[in-house]
Amino acid sequence: MTLASPRVSLTMAGFPRKVSTIAIAIGGLASFFILGSLLLFSYPIGSSFSGYFYGMEAPGHMGFPVSSDNQTVEGFRQGTEFKNVHKNPSSSSSLDSGGDSSSSSSVNENDGEGERKVSRTESPLDLESDRKPETSFTQEKDNKLLPISLDTTVSPNMTGESDVRSGETNLVGFSNVSMDGDILSSSSLPHDDSKTASEETECDLYRGSWFYDPLGPLYTNNSCPVLTQMQNCQGNGRPDKEYENWRWKPSQCELPRFDAKKFLELMRGKTLAFIGDSVARNQMESMMCLLWQAETPVNRGNRKMQRWYFKSSNVMIARIWSSWLVHQFSEPFDFAPEGVTKLKLDVPDERIMEAILKFDVVVLSSGHWFAKQSAYILNEEIVGGQLWWPDKSKPMKVNNVDAFGISVETILTAMATHPNYTGLTIVRTFSPDHYEGGAWNTGGSCTGKVEPLPLGKLVKNGFTEVMHEQQVKGFDRAVKKQTNGSKLRLMDITEVFGYRHDGHPGPYRSPDPNKITKRGPDGRPPPQDCLHWCMPGPVDTWNEIVLELIRRSSS
């Protein structure tokens, strides 16, 4: 009897007649599983998801040398990473722990920013001391205005995000909500293979919309011990608090909620410095409040520089006061008498340059002090001034707006050409104020503003627009002069925050229970601050963007 017939039993036909046949079959099967395992672990599936969600660079992404062409400059402005291929950057500077590191007492600086009350004739600066977006309509959600971007497909039932208090980085905003309004976990989000990691990295963070997040802020005014009283709006009696809940959503990508643990890990062994005026201090304190929720830092500051040290990750957060970012002095110069602040617009602030090698990341910002009295010097010649010019018959060569642009170019060029500086410099653009109906001293007010402006209703501010324009020009000119291995990024928040007239302290600048908070019988508003930002509040978004720019530059 043969087994050649096609009708023979499969069981009989498949039964091996020899032990050697069994050994060969088992060996082949084992080889198959071993080979498959090697292939799987050499390219894990999870890496593709990581690249999609967190914007890791695609394998084919290449850096570009610094050049003077507009395309390269635009890349720096949008936060795209461009590397100077003419020099191999050295490793980041080590954490400075010498000198004043033994100091542990609180620092109460008097570097021009005392916390005194403001009279009607005193600028809010002494407290320290509009393109329309491509959006056009709004929705109502639980009586909350929801600005919607035209280039984002959304559902009327958008309601928030996945759990943000778990310590994990979560995707935030509209893309993690189903069309039925159900919140999706990050693992259930669809993966778009057509959207490369490089595209995610280069997404414009500054085009999008504000949306109401019922989860609220990551800290309160009572959980942050370093919050300046003037920005403690809830502690000063502000009756509403929904201004704390509005979050920024870019149209083309995600801006995750701030993750303190992720920040400290990205910055491990490094130092971040905020350099500028009191609005820079406002941002620095926001960063400290966010990080304080994960770890209590050690105060290592002195009168020259505020410094906070996070021991678990060897991270230092520092701040240097620099009102104008350039060299200033008060002694007589030529026909400018003593008492008038003189600015050498072509000489960087020496305090910044002396400390620059201690910093791995610098957030640089300024501008508002150019409204104060000062004289401008270029090439050892007085070329202009603000609220000061002795000879009205002679025209000034440089006004305060031009002087601002020159100062930005001066400090950035000094940093971008320093032979040993290889850090990341983030230039936060001009922070808009919201004095409506006049200036700070002529009846301007932001009293009663409780939610963002509707999209398309941005109030144009001529001074803000020209200051922003000159700042961007100064940044672009510095990029073209760069010679070292550092990175320059423009954090362009000016228009985005033009919508947030609700985020300022207004009349809630002090805990005084007898302070005036409403307009008088004559309609005149009370003294108020429409320049700085409440904490918690919109200012926390700046540090979400800082974290994202650091992540992009590290990938």
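Values quoted throughout were computed directly from the atomic coordinates according to the rules given, and no laboratory measurement underlies them. Just so you know, these numbers come straight off a predicted model, no measurement behind them. Glycine also receives a Cβ, built like all others from the backbone with ideal geometry; neighbour counts cover every protein chain displayed.
Quick notes
- Annotation note: trypsin sites (Lys or Arg not before Pro) in segment 372-437 located in DSSP loop regions with a Cβ neighbour count of at most 14 within 10 Å are LYS392, LYS397.
- Spacing of the modelled spin labels on SER312 and GLU265, each 7 Å from Cα toward Cβ, amounts to 1.1 nm.
- Amide H to amide H, with H built 1.01 Å from N, GLU436 comes under 5 Å of SER445, CYS446, counting only residues 5 or more places away or on other chains.
- Segment GLU338..GLU380, full-extension length gain: 13.5 nm, with 0.36 nm per residue of separation and the alpha-carbon distance subtracted.
- Förster radius 51 Å - calculated FRET efficiency between SER554 and ASN514 (Cβ-Cβ, nearest 0.05): 0.50
- Loop trypsin sites (Lys or Arg not before Pro), segment 300-361, which have at most 16 other Cβ atoms in a 10 Å radius of their Cβ (DSSP): ARG303, LYS304, LYS311
- Segment VAL466-ASN299, length gained on full extension (0.36 nm per residue, minus Cα span): 56.3 nm
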